[in-house]
Every structure is written in C-alpha cells, then in structure tokens.
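To keep things clear, I will list the structure first and then write my remarks on it.
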Amino acid sequence: MAKEPVRVLVTGAAGQIGYALVPMIARGVMLGADQPVILHMLDIPPAAEALNGVKMELVDAAFPLLKGVVATTDVAEACAGVNIAVMVGGFPRKEGMERKDVMSKNVSIYKSQASALEQYAAPNCKVLFVANPANTNALILKEFAPSIPAKNVTCLTRLDHNRALGQISERLNVPVSEVKNVIIWGNHSSTQYPDVNHATVKTSAGEKPVRELVKDDEWLNGEFITTVQQRGAAIIKARKLSSALSAASAACDHIRDWVLGTPEGTWVSMGVYSDGSYNVPAGLIYSFPVTCKNGEWTVVQGLPIDELSRKKMDSTAEELSEEKALAYSCLT
Ligand code: NAD
Ligand code: LMR
C-alpha cells in the first residue's frame, strides 16, 4: 500500500539552499524513494515572486513522489500540519562576517516562527536548523516552542561532518564511502572540533584507524582541523556566496538518518540538546556523535577523550554559552 505523504517545510525556500534542497526532497533523497512528500515552502513577501517561480519549476519537473506544494509568505499556512521543518530562511553570512554577526538580524524571526510551529505543526514535528548561527537559532526555537520536545529540535553539523570525511578521503586517496565515524563536536562555527580519534577507513585488510593510515599527527591536529573549521569561509571566498549544494545535501543526510536510522556501526554528527554528556554544559545545542533508530537519536557514550580534545570541546562550548547570552540580549 502506498505510504501517506509526509509534509516537509522549508523556510527561505526561494534562497540558494532552498533552490538546491527542494528538488532533492521531491526526488526522495531526504525520506526515501518510496516516501511521497508534500512540500511547504515559506519565504518573505519580497521573495514571493521568486518563490512562485520555484513552485512552477517543481510542477514542471513532474516529480512522481511530489503530491503537493504549498508556497506562501504566511507563517501559519506554511507550518500547518508539517511533520518535518527545515529552517533555512534568514539573512546569510557575507565575506568578513562571523556566523554570530548575523544573530541580531535573525533571532527575532525564529522566536516568531517557533510560536507558529508550536501552534500549527503536526505533533512530534522534527526540526532541523540550517540558518546561522544554527546551534543558537535552534536553541531559541526550542526555548520559544516549549511544547515541542527538546529532542525534536536539532541543528545541522552534518555538513562539517561530511567535510571532515571528504578531507580524509582526499588525503588518503580512498573513496569517501569507506571513511566513517569522524565527529564534529560543538558549534557550527570556526570553534567546532573535528575529531578523527575514533574514525576508521575500510581497507582490504579490514577497518583501520584514520590516525594509523594518515601517519601524520601534525596534519591531523593542525591543518585538517582548520580546513574543516574554515571551509564555510573558503566557499564564501570562492563563490561569493555561502555553500548551497553541499548544505542541501547534508540537510537531506541529517533528516534521512534521523528518520530512517544510521547504518550499524556508524555514527553521524548532529547538533542536539545537551544532557550533560561528555561534561558538555546541559542546555546548549551542541554537536555530538549520535546513532539513530526508530526516529530517535542517541548520543554515543563512553568514547575516551584525550587532553587536546577536551580543551577543544570546552572552548567551542564556551562560545555557545556566549552566543546564548548574546541571543537573549538581542531579544530584550
Ligand atoms: P539566501 O539568502 O540565498 O536565502 C535565504 C532565504 O531566506 C531568502 O530567500 C530570504 O528571502 C529568506 N528569508 C529571509 N527572512 C526570512 C523569514 N523571516 N522567513 C522565511 N524566509 C526568510 O541564503 P542561503 O545561502 O540559502 O543560506 C540560508 C542560511 O543557511 C544562512 O543563514 C546561511 O548562513 C546558512 N547556512 C548554514 C549551513 C550549515 O551547515 N548549518 C550551511 C550553509 C548555509
Ligand atoms: C557553511 O558552513 O558553509 C555555512 O555555515 C555558511 C557559512 O556562513 O559559513
């Protein structure tokens, strides 16, 4: 029997990530090749005409899984009955800005969108924040939508996770599909900690630790980390626009694994509400290694943390605490 369609909201759908993301969702990249979807697309009135153009293209693409499109500038209509909300809309970072610089422009938007989701979304709606500063925006949404369970509000660090996989794959000249279990700890910002201490590569001789294969701790503890931390800025410098296709693809990876589960023996990185695991202060949205099953994520527990990692995990947590204070000051 055909499955019931899932309603997926994309805010900022007329923007560049939106333009890359909605066809992926309509093709089944996010929820599977047998899962019909109804797309809800929200943007602001100045972008209404462009949004309508995106809707026209979705019709023209004749996606078999796409059972309907709602394109609107009305937040309540956009949120009505949605099962998944991908929050992309907002003011993006430009060259020379840190992600937190866009905070004052964005937090009040998310406070009002939180209320709309709380009022109109389907029960148990899963939320993914992509718009920057993604962790703190997710926290604001969680705080202002108290009836949405904290475990349903997440932010995107899968792009950073995928970037880390990509760097290791290039360095070792192995397919990216053979590299797994990197971790992004903390903030989706230049303080994030990309950690390869538990990462492995599948080789003809079995799974081998990345450190053993790379044989260059100086690179792994230095240039590798800064490359991943600074990759967003490098893309902005090269394209004069922030990443879009890789961000859209990572958003699909994030929701797909959350809903359909992570493969056995593999974890992914997700920004989730901290419960104090790994001595990360509770009450922050912090990126952890997680596994997913039956639509729920669980933080991978018990990984040994060395001194260098501890320092880096603490410093990104500190930045998140500062961002949280700044976000609240923008709201008052
Ligand atoms: P964009 O400017 O191309 O698109 C943003 C869209 O949001 C625009 O169409 C704009 O009209 C719309 N918008 C503005 N205010 C809105 C509101 N109140 N409600 C609904 N829509 C609204 O930007 P983009 O390149 O698509 O990036 C979107 C966001 O994603 C930015 O914040 C960017 O920094 C962030 N980003 C995050 C990641 C990540 O990994 N977490 C990666 C890339 C980009
Ligand atoms: C990215 O990581 O590509 C995005 O967060 C865009 C940015 O501002 O860096």
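Structure data summary
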{"quantity": "Amide H within-cut-off set for THR157, under 5 Å, with H built and near neighbours excluded", "calculated": "GLY271"}
{"quantity": "3J(HN,Hα) from dihedral phi, the range 202-207, Karplus parametrisation 6.51/-1.76/1.60, rounded to Hz, x for glycine, proline", "calculated": "7, 10, 5, 9, x, 7"}
{"quantity": "Lys/Arg +1, Asp/Glu -1 at C-beta; the chain dipole; positive extreme among VAL196, GLY15, ASN106", "calculated": "GLY15"}
{"quantity": "For the chain, calculated [θ]222 nm from helices alone, where every DSSP H run of n ≥ 4 adds -39500 (n - 2.57)", "calculated": "-13000 deg cm²/dmol"}
{"quantity": "Amide H partners (placed H, <5 Å) of GLY81, local residues excluded", "calculated": "ALA121, ALA122"}
{"quantity": "Among ALA238, ALA327, SER169 - extreme Cα towards positive end, dipole of the range 157-328, charges at beta-carbon", "calculated": "ALA238"}
{"quantity": "Estimated FRET transfer efficiency (THR191, GLU170; beta-carbon r; R0 41 Å; 0.05)", "calculated": "0.95"}
{"quantity": "Taking the chain and dividing mean pair separation by its residue count, relative contact order in percent (alpha carbons under 8 Å, at least six apart)", "calculated": "17 percent"}
{"quantity": "Magnitude of the charge dipole, the chain, Cβ model with Lys/Arg +1 and Asp/Glu -1, debye to 20", "calculated": "360 debye"}
{"quantity": "Cα Rg, Dmax, the range 157-328, angstrom units", "calculated": "15.6, 52"}
{"quantity": "Aspartates and glutamates whose Cα lies under 15 Å from that of LYS67, excluding same-chain neighbours fewer than 8 positions away", "calculated": "GLU4, ASP34, GLU57"}
{"quantity": "Under DSSP loop assignment and at most 16 Cβ neighbours within 10 Å, longest GluC sites (Glu not before Pro)-free interval of the chain", "calculated": "99-263"}
{"quantity": "Antiparallel %, DSSP beta bridges [both residues in the chain], to 5", "calculated": "50 percent"}
{"quantity": "MET24 paired with MET97, simple spin-label distance in nm, labels 7 Å along Cα-to-beta-carbon", "calculated": "2.2 nm"}
{"quantity": "DSSP bridge orientation in the range 6-155 - percent antiparallel, rounded to nearest 5", "calculated": "0 percent"}
{"quantity": "Leading residue at positive end of dipole, the chain (Cβ point charges), from SER274, VAL153, ALA78", "calculated": "ALA78"}
{"quantity": "Descending principal axes extents, the chain, alpha-carbon based, whole Å", "calculated": "53, 49, 38"}
{"quantity": "C-alpha long axis of helix 16-26 to longest principal axis of the chain, angle in °", "calculated": "80 degrees"}
{"quantity": "Exposed trypsin sites (Lys or Arg not before Pro) absent: longest stretch of the chain, with sites in DSSP loops and at most 12 other Cβ within 10 Å deemed exposed", "calculated": "95-214"}
{"quantity": "Length gained when the stretch ASP314-ALA50 is fully extended (0.36 nm per residue, less Cα-Cα span)", "calculated": "90.8 nm"}
{"quantity": "0 to 90° range, to nearest 10: angle between helix 134-144 axis and the chain longest Cα axis", "calculated": "50 degrees"}
{"quantity": "On Cα atoms only, tilt of 103-120 relative to the major axis of the chain in degrees", "calculated": "60 degrees"}
{"quantity": "Proximal lysine pairs, the range 157-328, alpha carbons under 30 Å, eight or more residues apart or interchain", "calculated": "25"}
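None of the figures in this text is laboratory data; all of them are computed from the coordinates on show. Quick caveat: nothing in here was measured; it's all calculated off a predicted structure. Glycine gets a Cβ as well: all are built from the backbone with ideal geometry, and neighbour counts include every protein chain shown.
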